[in-house]
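**Q** Input: one structure, supplied below.
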Amino acid sequence: MERIYGKPLLTQEEIRKRVKDLGRQITVDYEGKDLLMIGVLKGAYNFFSDLTRAIMLPVRIDFIIATSYGMATQTSGIVRIISDLTEDIAGQDVLLVDDIIDSGITTDFLKKHVLQKRPGRLKTCVLLDKKERRKVEIEADYVGFSIPNKYVVGYGLDYKNKYRNLPYIAVLDVNVES
């Protein structure tokens, strides 16, 4: 296999610790509530799985698959829902969990899409926040890490659908437009 990823930006231990911290905070914030967590696939699968286990409440889960990148390294600006929610979320406390806010286009689209389903309350949680790339004004309610404007892979994030399985997050070592 061609090695195209570089030195870890965030180590496995740093990620583990931050996910546990987020889980504790979400546990406190949703104590006594019926929380439905929505994982955005494919990128958030590792983060979502670890985060749900770090929350010490009985949570329900659902998934949504959306893309604005396809096999490209730049967002197309057009978000497509590949697979929608299976749960009725009307009146529910909902936490939308994604891997990264980059341009903000996908997160903004998904937030509006979920709000159309009339949840009682909707909050967002992302592992990574790349504020320098924002094209849409949006902020997450819970953020794991703010990162520089670099193309990253690992822990669910990919390059051409590869490197999702890395247990850490690395800056990509090839020339891609980020």
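**Q** For the chain, give the magnitude of the charge dipole about the Cα centre (Cβ charges: +1 Lys/Arg, -1 Asp/Glu; no others), in debye to the nearest 20.
**A** With Lys and Arg at +1 and Asp and Glu at -1, about 220 debye.
**Q** Can you pull the accessible area of T86 for me, 1.4 Å probe, Å² to the nearest 10?
**A** We get 120 Å² for T86.
**Q** Give the shape of region 8-60 as rounded, prolate or oblate, defined through the alpha-carbon gyration tensor: a ≥ b ≥ c are the square roots of its eigenvalues, a/c under 1.5 means rounded, and otherwise the shape is prolate if a/b is larger than b/c and oblate if not.
**A** oblate
**Q** At a 1.4 Å probe, what is the % contribution of carbon and sulfur to the accessible area of the chain?
**A** 49 percent
**Q** Tell me the per residue accessible area of the chain using a 1.4 Å probe; a whole number in Å² is fine.
**A** 51 Å²
**Q** Please check the chain for the longest run free of GluC sites (Glu not before Pro) that are loop-located per DSSP (anything but H, G, I, E, B) and have at most 16 other Cβ atoms within 10 Å.
**A** Counting at most 16 other Cβ atoms within 10 Å as exposed, the longest clean stretch of the chain is 32-86.
**Q** State, to one decimal in nm, how far the label point of K117 lies from the label point of I78, with both points 7 Å from Cα in the Cβ direction.
**A** Placing both labels 7 Å beyond Cα along the Cβ direction yields 2.4 nm.
**Q** For Cα Rg over 2.2 N^0.38 Å, which listed value, (i) 0.99; (ii) 1.03; (iii) 1.10, comes from the coordinates shown?
**A** Given (i) 0.99; (ii) 1.03; (iii) 1.10, the calculated one carries the label (i).
**Q** Among C125, V152, L35, flag the residue with its Cα farthest along the positive direction of the charge dipole of the chain, charges on Cβ as +1 for Lys/Arg and -1 for Asp/Glu.
**A** With unit charges placed on the Cβ atoms, the residue in question is V152.
**Q** Oh, and also: Hey, if you put +1 on the Cβ of every Lys and Arg and -1 on every Asp and Glu Cβ in the chain, which of I61, N165, G6 ends up farthest toward the positive end of that dipole?
**A** Selected residue: G6.
**Q** With contacts defined as alpha carbon pairs under 8 Å and 6 or more residues apart, what's the relative contact order of the chain in percent?
**A** It rounds to 26 percent for the chain.
**Q** For the pair L57/L85, report the inter-label distance in nm, with labels modelled 7 Å from Cα in the Cβ direction.
**A** 1.6 nm
**Q** Right, here's the next one. What's the angle, to the nearest 10 degrees (0 to 90), between helix 105-115's Cα axis and the longest principal axis of the chain?
**A** For helix 105-115, the angle is close to 10 degrees.
The values are calculated or read from the model by the stated rules, or taken from the named source; none is laboratory data. Everything quoted here is computed from the prediction, not taken from an experiment. Here Cβ is always computed from backbone atoms with ideal geometry, including for glycine, and neighbour counts include all displayed protein chains. What goes into the accessible areas is simple: the full protein's heavy atoms, side chains included, and nothing from ligands, DNA or RNA. Shrake-Rupley method; radii C 1.70, N 1.55, O 1.52, S 1.80 Å.
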